[in-house]
Amino acid sequence: MACAWDASLTAQVTAIGELLVARHQTLAVAESCTGGLLAAALTAVPGSSRWFGYGLVTYSADAKRQLLRLSDDLVSPARIVSESTALAMAAAVRALAGAAIAVGVTGIAGPEGGRPDLPVGTVCVGWVAGQSRAQTYVFPGNRDDVRLAAVAAALGGVQEILAVRAG
């Protein structure tokens, strides 16, 4: 996949970075279906090393168990794409990194892997920053579309957290 960040994604990451630097905070991510694309978007902005230090790609269930110490229950076929797993991923990488904010992303980018109750395009994103929240999305399009939409959603949630902390 050729990856050309559009101006809105770059602006989103730049704004996040500026707020994190101003607050002396860091961000960490644990990704599955995005396969490192979220970390790539974050590091595409110069100076990101001041606020981003941890990005784990835990694509397989084994990686989630071994690197994030997720339970067998959370990585079971019934729950691996769930808000609870996304939150657990975020909480685990936050603890590893000592970050103020962490994001976990898990989903089915396609084109295979979907099922009637969990179609291709389903992505769960979890954010942990003192308080936790998660959201499930069903993004349309091909694999690249789903992955880019998941990155944008993850970043949007980080921006919301930072906006609430500013208010």
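Quick note: the coordinates plus some simple rules give every number you see, no bench work behind them. This structure is a prediction, so every number in the text was calculated from the model and none was measured. Here the Cβ is made from the backbone with ideal geometry for all residues, glycine too, and neighbour counts use every protein chain on show.
Between rounded, prolate and oblate, where does region 16-166 land on the alpha carbon gyration tensor, with a ≥ b ≥ c its root eigenvalues, rounded for a/c under 1.5, else prolate if a/b exceeds b/c? Walk me through the numbers on the way to the answer.
On the way: a/c = 1.82, a/b = 1.46, b/c = 1.25.
Prolate shape, in that a/c is at least 1.5 and a/b is the bigger ratio.
Determine the dipole magnitude for the chain: charges of +1 sit on the beta-carbon of Lys and Arg, -1 on that of Asp and Glu, nothing else is charged, the reference point is the Cα centre, and the result goes in debye to the nearest 20.
For this selection, approximately 420 debye.
Kyte-Doolittle mean at least 1.0 and Cα extent at least 20 Å along the axis: which DSSP H helices of the chain qualify?
7-23, 83-97
Using Cβ contacts closer than 10 Å as the measure, can you line up Leu68, Leu38 from fewest to most? Don't skip to the end; give the middle numbers.
Details: Leu68 22, Leu38 27.
Ascending number of Cβ neighbours within 10 Å: Leu68, Leu38.
Mean-square fluctuation check for the chain, GNM, Cα pairs under 10 Å: which of Ala63, Ala100, Ala22 is largest?
Answer for the Gaussian network model of the chain: Ala22.
What list do you get for Ser71, Ser48 if you sort them by fewest beta carbons within 10 Å?
On the way: Ser71 12, Ser48 20.
Fewest-to-most Cβ neighbours within 10 Å comes out as Ser71, Ser48.
Tell me which residues come under 5 Å, amide H to amide H, from Thr34 once H is placed; ignore anything under 5 positions away on its chain.
For Thr34, whose amide H was placed from the backbone, there are no distant partners under 5 Å.
For the chain, modelled as a Gaussian network with Cα springs under 10 Å, which listed residue fluctuates most, Gly35, Gly114, Gly17?
Most flexible of the set in this elastic network: Gly114.
Tally the DSSP beta bridges in region 16-166 and give the antiparallel ones as a percent, rounded to 5. Write down the numbers at each step before the final one.
Details: 15 of 25 bridges.
Of those bridges, close to 60 percent are antiparallel.
If you average the alpha carbon positions of region 100-143 and of region 22-40, how far apart do those two centres end up, in angstrom?
So the separation of the two Cα centres works out to 14 Å.
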